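Reviewing the structure listed below.
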């Protein structure tokens, strides 16, 4: 046995360095992706907003007064989460205003769905998905009105998507309104507490080239047409072949459309790369989800923080983080079907490919590389 005090101290120091080395590596990676910690603060804020909204939605005093078959916490949590993702102002007052508008934009999308779904059900299995085509158009078109416009378009689509996913009906209108109020409160509170430490998000102007006859229309109008055309193609494919998770294909198609065909191609490549990384990681965590759901929710929260950090410049990392979050939260909620989870993955890739085809052949835009960030 070695009783040399110096050897013991050296061993202890080396042991501590060995433990801290991974922590140091992670810290360096975080500083590289998010210098200044601005996006990390936003990531923490959106996770907090989701948690507050989901908790308020499950309070008995609130939930019992809402005649709805859907979880109020689920609606409010998602309204608040994606409102926080889309908001991009610096001051508390502007951010609070935008968060309220974005929360109600999601509610508007859900209301549009429930008001339109009944007549479209006569069109068959894929009929209700036709409503998502309108939201896909608005995601692209409303970018012409800046960050807030882009966020409102995205929130309207997300509201439609949530309503479609849980099959909301006209009887759920009051639940949608209450969920929007909860989401606004839940997203504003952490923004007020986070202070002015965040940087504003900007959408670079498009420098798109079009044929002379189409120059009177904005590039964002054609982006909307491209996304809507791709979404319509997926709806038709679902009607013909009964795609299991076609809504996820529509979502991928909608969000890969950029300000040029080249930009869309790069976004599709990064989305495919991220999905191929995030989905296997999520599937590998399925055994943990059954026995330690709390640990899975913590991992999902950490992944959403990474999503918020990476989204502006590293779309591949953002897609990987979101794909991982999607898989593990579904598993934690009791969905363990490998075919279902795999369908969400491959149909997401299908949607990205169709979005690329639409961007290349439906009024294709030629733009600078900066359009990739749109």
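No value in this document is a laboratory result; all are computed from the given coordinates. Since the structure is predicted, the reported quantities are computational estimates derived from the model, not experimental observations. FYI the Cβ positions are ideal-geometry reconstructions off the backbone, even for glycines, and counts take in every protein chain you see.
Observations, loosely collected:
- Order of 253, 319, 285 under a 10 Å beta carbon neighbour criterion, fewest first: 285, 319, 253
- Region 214-374, relative contact order in percent, only Cα pairs under 8 angstrom and at least six apart counted: 41
- Alpha-carbon centroid distance for the pair region 246-268 / region 109-169, whole angstrom: 17
- Residues residue 145 and residue 366, FRET efficiency given R0 of 22 Å [Cβ-Cβ distance, rounded to 0.05]: 0.45
- Label reach from residue 291 (point 7 Å along Cα→C-beta): in region 307-345, amide nitrogens under 19 Å belong to 328-329, 331-337.
- Tail weight of P(r) past 18 Å, computed on alpha-carbon pairs of region 81-149, percent: 48
- For region 214-374, radius of gyration divided by Kirkwood radius, i.e. Rg to Rh on alpha-carbons: 1.03
- Computed packing ranks the peptides 290-303, 176-189, 83-96 as 176-189, 83-96, 290-303, most packed first, by mean other Cβ atoms within 10 Å.
- Between residue 61 and residue 192, the modelled labels are 1.8 nm apart [label points 7 Å from Cα along Cα→Cβ].
- For the pair residue 336 and residue 302, the difference between a 0.36 nm per residue extended length and the Cα-Cα distance amounts to 10.1 nm.
- Label-to-label distance, nm, for residues given as residue 276 and residue 28 (7 Å Cα→Cβ offset): 2.7
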